[in-house]
Amino acid sequence: MRANTSKLSAAALFGAMLCGIAGIAPSTALAQKGPKHPTAPIPFEQERARERGDRAVLLLNEDASRIPGHRIMELPIINGKMGEHARLDDNVEIFFPFGRILTATTEFHKYKPVAAATDGMGPDYLPDPRFDRVKNFDRALGSVCASERIDGTPFKVELRRGSNNSLSLVRSMPTDQKPASDQDAMSYRVVSSMDIRYLAREEPQADRLYRRCMQNASAQRVSQKD
């Protein structure tokens, strides 16, 4: 993120921005009555709601106007544009260029930095309990339908498809957020969408994996018929 605002000012600015969207051409207005888009909960929204003690669950393809103001942490300016991205609580970044939440991105780190170490050698790290959600990728994101390993590394990218037709690209990657004693620690970046076009906008590799996923599904159907 390239800009930072306080929680209160970000929420107020977001509300004003949405009012501006509602006042523009009908083709992009939030209040437009058009064909309904398929929706699905942003992954791990139920867990976030339980942690907050409420029931506010955001959906992919949902109108951005329904985002509670208290969940908005930051409204960055990206590529000179403001009003297309927002960072929510739990470090979730959403992309909503047309007033709908088209993608949701979050990272999962095994550790989180804490106060600087007393020996002056840099920050200390503690296990991040939210990293346990990695164990539930199959349930929250769906099974892997295509994957690729990054040559010469232990890292890979996976395309997962949920039972609700959501698509999630999971990228394992190295992390600097780890104590020196854990050489094998890695992080995960998850981008989710209901539309491969917008998923591929964030992760171009998703398009190739999606084609492979569809080919695998077609081959499986033919095999079942035989």
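The values are calculated or read from the model by the stated rules, or taken from the named source; none is laboratory data. Given the structure is predicted, the values throughout are model-derived calculations rather than measurements. We place every Cβ from the backbone using ideal geometry, glycine too, and count neighbours over all the protein chains shown. Calculation scope for accessible area: heavy atoms of the full protein, side chains included, ligands and nucleic acids excluded. Shrake-Rupley method; radii C 1.70, N 1.55, O 1.52, S 1.80 Å.
Of all residue pairs spaced 6 or more apart or on separate chains, those with beta-carbon atoms under 6 Å, a first member in the stretch 150-169 that is within 20 Å of Gln183 (Cα to Cα) and a second member that is among the charged types (D, E, K, R) and open to solvent by 10 Å² or more (accessible area, probe 1.4 Å) are Lys156/Arg149. Scan the stretch 173-190 and give yes if some residue there is closer than 23 Å to Pro38 by Cα, in contact with a helix residue (DSSP H, G or I) (Cβ under 6 Å, 6 or more places away or on another chain) and open to solvent by less than 20 Å² (accessible area, probe 1.4 Å), otherwise no. Looking through the stretch 173-190, none of the residues is closer than 23 Å to Pro38 by Cα, in contact with a helix residue (DSSP H, G or I) (Cβ under 6 Å, 6 or more places away or on another chain) and open to solvent by less than 20 Å² (accessible area, probe 1.4 Å). Restricting attention to the stretch 137-178 and to residues that are among the small types (Gly, Ala, Ser) and over 16 Å from Leu199 (Cα atoms), the residue that is modelled with the lowest pLDDT turns out to be Gly152.
Return a yes/no flag: does the stretch 199-211 have any residue that is open to solvent by less than 30 Å² (accessible area, probe 1.4 Å), in contact with a Leu (Cβ under 7 Å, 6 or more places away or on another chain) and assigned to a strand (DSSP E or B). No: the stretch 199-211 contains no residue that is open to solvent by less than 30 Å² (accessible area, probe 1.4 Å), in contact with a Leu (Cβ under 7 Å, 6 or more places away or on another chain) and assigned to a strand (DSSP E or B).
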